[in-house]
1. Pick from 211, 185, 157: which is surrounded by 15 or more Cβ atoms within 10 Å (Cβ to Cβ) and at pLDDT 90 or above?
2. Kindly indicate whether residue 497 is crowded, with 17+ Cβ neighbours inside 10 Å and free of Cβ contacts under 8 Å to residues at least 60 places away in the same chain.
3. Among the residues of the range 427-474, write down those that are within 30 Å of residue 377 (Cβ to Cβ), among the hydroxyl-bearing types (Ser, Thr, Tyr) and modelled with pLDDT under 90.
4. Scanning for something among the β-branched types (Val, Ile, Thr) and closer than 28 Å to residue 365 by Cβ, does the range 241-250 turn up at least one residue?
5. Can you tell me which of (1) within 14 Å of the chain's Cα centre (by Cα); (2) free of Cβ contacts under 8 Å to residues at least 40 places away in the same chain is the one residue 255 doesn't meet?
6. Could you check how many residues of the range 193-213 are part of a helix (DSSP H, G or I), closer than 14 Å to residue 273 by Cβ, touching a residue at least 40 places away in the same chain (Cβ under 8 Å) and not aromatic (Phe, Trp, Tyr)?
7. Scan the range 152-179 residue by residue and report those that are farther than 19 Å from residue 130 by Cα and touching a Ser or Thr at 6+ places or on another chain (Cβ under 8 Å).
8. Given the conditions (1) farther than 22 Å from residue 257 by Cα; (2) touching a Pro at 6+ places or on another chain (Cβ under 9 Å), and given that residue 379 satisfies all but one, which numbered condition is not satisfied?
Amino acid sequence: MSFAAVMGGAGVPLLATIGALLAGSALAALAPRSRLNPRALSISLAGMACVALVVLGASLIASGSPVVASLGGVLGFALIHVRYDPLGGLFLVALGVAGLASSVFAVGYTSHDGAGVDRTAAAYPVFLASLALVFGADDAFAFLLAWELMALSSALLVIGRRPSAEVARAGYLYLVLTHLATAALIVAFAILASAAGSTSFGAFGRAAASLSPAGRDSVFVLLLVGFATKAGAIPLHVWLPRAHPVAPSHVSALMSGVMIKAGIYGIVRFGLEILGPGPEWWGLLVLGIGAASAVLGVLYALMEHDLKRLLAFHSIENIGIILIGVGIALLASADGVTALAALALTAALFHTLNHALFKSVLFLAAGSIQSAVGSRDLNALGGLARAMPVTALAFGIGAAAISGLPPLNGFASEWLTFQGLIGAGGEAGLSLVARSAALLAVAGLGLTAALAVACFVKATGMVFLGLPRSLRAAEARETATSMGVAMVGLAAACIGVGVAAGPVSGVIGGISRGMVGGTSPRAAVFEPVAGLDALYAAGPLAVVVLAVAGVVWIVGVRRRTVRRAPTWTCGNVPEAAFEYTATSYAKLIRLYYGPVLRPEREVSVELHPGTPFPRTVHYRGEVSHVIDERLYRPLHRSSVAAAQLVRRIQSGSLQAYLAYTVVALVVLLLVAR
């Protein structure tokens, strides 16, 4: 085995960082046999490696030059070949920031069942290393190797050492769907490799133009199925709201903030670069999937009472917003409207980075709440703002950012996405169908933004405001310092990127132009993309607004005299029973969207003996997930029936197996004849 950096001085430190993560995994696996602490080893090496990933990713973006490296030369054959360019550098930055915060958080984190990173210490660095390899793999073999490592290590982190039945089901469902996605990628890569005569992505790009239209379309659909499944886009999303809530919260943050973006990376890399601009229906398909994911994701999130499951559905929503931008970029590239394509792709990549920040802080805050209270049920929380001020502050900033409120980072990228959709709706270079689809997506994105605000008003109010709804909530205290540092750091990043939205979007705009317009990313790295001028002006204005608000708040706090009095409730003593519940808050929306959500409820009333007056009322309500009921349950029943049939055939009888062999031989002879 040998190591070689073919081009660029950053190739060695990049692969060395990945190697350090894998070495940390090996040490963590061996640590239980020694006096070493596997958790300390795993987290320490992961944190240091994530700092290196941020620095290396930023240097790739700044230089604009790709770095090519090979690892594992055997008889002249490179086992792993990577090529990191500014696009890969952007994803490395997102991975490094989210990974660093998650690692710091993990120092003090213990999940509700008493098993934190200790149970899967060796898998955590492998997960980070595999993600870093996915964003730089330059041939099919290296990519699939990294993809499988990512799937298996994340599944191990979800399932853990002693999983409950619910956790095991979620992990197995995740494994099944991720391997079906991998199968689709393998078939697509096989088609491209047969045409190219090589497994290199560069050869794939040169050979894609020689494929027939039907072959090229088939490859795109297969790749879209594989990558959209990993991204959690509807209708391939069913694993996500099951796996993310049961994983340890720092792992949930990485899965939602970074891992599902591997699917976005694949769609952008192959759809725009390797396969090149395709027919218009490619963009329409991605745009439709994105709009459906955004609207349905936020609707299902509003109906949830489990805090982490609510956040998981919001990941589906935000993947939808990103895919809307990618869909417009594909549409515009197909018709040669490169300025619009660059704007839409900038919006998608910017929201990818932003989502990694605010969704990570929200999942970490959910983990802090779970550690303090022992529950994720919104109806068992409440009143935590006084007891957990750091968690409340971080969650509040993350909630405002994901809701698209200025001047935070979520507003900037959603605003750019609106600009791309409106620009597509009025672009004469696009077909009538494409313009109409873009305008319909504007309505869908507007509805999504409004419902997201409603959902996080619900989540923030039910968790932090009012009176505690359980004894554990009343006794809650702020969690460990390391957990607070990680949350506050990510919350500060949400503010910082929002205030600096102009320069940041300009940098990302340079990457986008390099992909859709052939402009050198280095030459374009700080040049504004059409439509970004307002964001450049908004940054200084946001700084002034925040500074003035801070001064006013400090002066007001120092000068006012606070008089505390109980809340007026018509002479009664305030009780938690007087407050809105998560169910009652969402009832009007649930009724209005009843045809989509198909709600079911059951009410039972117990009366006082001999009177018409109720003593207790029990209410149970749930929302039916149409895709689960109409698509996946029939598929599950069919697969079980097929398995039962195969079980009968596999009887264990030697005579039967010999008979099967004879029948197969006869059939083959007849076919050959």
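1. Matching residue, one of 211, 185, 157: 185.
2. When the stated conditions are applied, residue 497 does not pass them.
3. 470
4. Yes; the residues of the range 241-250 include at least one that is among the β-branched types (Val, Ile, Thr) and closer than 28 Å to residue 365 by Cβ.
5. If we test residue 255 against (1) within 14 Å of the chain's Cα centre (by Cα); (2) free of Cβ contacts under 8 Å to residues at least 40 places away in the same chain, just (2) comes out false.
6. Number of matching residues: 3.
7. Result: 161, single match.
8. (2)
The values are calculated or read from the model by the stated rules, or taken from the named source; none is laboratory data. Keep in mind that what you see is a predicted model, and the values were worked out from it rather than measured. Positions of Cβ are generated from backbone atoms using ideal geometry, with glycine treated the same way; all protein chains shown enter the neighbour counts.
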